[in-house]
Amino acid sequence: MRTKLDPNAIVNIPCPQCGEKTPQTVATIETSPRIRCAKCGVMFGINAAKLMKKLQEAQAKMDLEQRRF
Ligand SMILES: [Zn+2]
């Protein structure tokens, strides 16, 4: 089963250099997984597949908890 992620959902991506979180939409991460940190200016790539899997797991867990209550 695959949980569909909202493409407009905002994900905070932490910078590998300074730790500053850069908000990106799911759509952006899926199409161009390269981000420039607003704080230190470093460019870094995101492992989109890995991130999406993690988000889907979190989403699935949330759905499960919502069903419980
Ligand atoms: Zn940074």
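Values quoted throughout were computed directly from the atomic coordinates according to the rules given, and no laboratory measurement underlies them. Quick caveat: nothing in here was measured; it's all calculated off a predicted structure. So basically every Cβ, Gly included, is an ideal-geometry build from the backbone, and we count neighbours across all protein chains shown.
Side notes on the structure shown:
- In plain terms, the residue of Ile35, Ile10 with the fewest other Cβ atoms within 10 Å comes first and the most crowded comes last, giving Ile10, Ile35.
- The smallest convex shape that holds all Cα atoms of the chain, its convex hull, gives 92 Å³ per residue.
- Proximal aspartates and glutamates to Lys21, defined as alpha-carbon separation beneath 19 angstrom and excluding residues fewer than eight positions away on the same chain: Glu30
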